[in-house]
Amino acid sequence: MDVLNKEQRHKAMQHIRSKDTAIEVKLRTALWHEGIRYRKNYTKLPGRPDIAITKYQIAIFCDGEFFHGKDWDSLQQKVLKGTNSTYWYGKIKRNIERDQEVNRTLYGQGWTVLRFWGNDILKHTDECVQTVEETIFDIKTRLDDAI
């Protein structure tokens with residue numbers, strides 16, 4: 001059962017952003033301080049990555065746990081018990097499928113895709129930045145070996 005009434009829930013849901021979320025801003029700030037330059041919400045790529053490092057063709061997505069179905073097997077039970085369960089079940093399932101489609105498309109175009117969960121960004125920002133740095137290093141190494 002929802003603890004908020006319909007109007008309160010509507011108002012709360014209206015304030016969920018698709019751009020410049022706290023997790024995106026935190027990761028972008030950390031990358032910028034490490035000297036990694038990027039484009040944000042890059043519209044030239046499928047899925048419009050939250051962060052795109054065009055120089056190395058790296059697309060980074062900052063995914064919220066609920067909307068992108070982290071631990072989907074256990075989350076399904078919670079979703080099915082809640083109100084408007086058919087809507088949310090379908091929405092989250094479609095988001096998961098869309099994320100997979102976007103990943104395949106970007107891989108096919110030669111991009112490296114990194115996806116970070118919101119809580120990982122908030123609690124372990126340095127590890128996320130390190131993953132990006134390691135990915136850049138790997139790409140640089142492959143480029144140097146090809147020359």
Can you pull the semi-axes for the chain, root of five times each eigenvalue of the Cα gyration tensor, sorted largest first, whole Å? 32, 17, 13
Does a label point 7 Å from the Cα of ASP138, set along Cα-to-beta-carbon, have any residues of the stretch 49-71 with amide nitrogen under 16 Å, and which are they? 53, 56-61
So for R0 = 22 Å, FRET eff. of ASP126-GLN100 from the Cβ-Cβ r, to 0.05, ends up at 0.20
Beta bridges per DSSP with both ends in the chain, % antiparallel, nearest 5: 45 percent
Compute the angle between helix 72-81 and the longest alpha-carbon principal axis of the chain, please, reported from 0 to 90 degrees and rounded to the nearest 10. 20 degrees
Rg/Rg_globular for the stretch 77-147, with Rg_globular taken as 2.2 N^0.38 Å and Rg from C-alpha atoms: 1.58
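Computed from the coordinates by the stated procedures, all read-outs in this text should not be read as laboratory data. Small disclaimer: the values here were computed from a predicted structure and weren't measured. Using ideal geometry, Cβ is built from the backbone for each residue, glycine included, and neighbour counts are taken over all protein chains shown.
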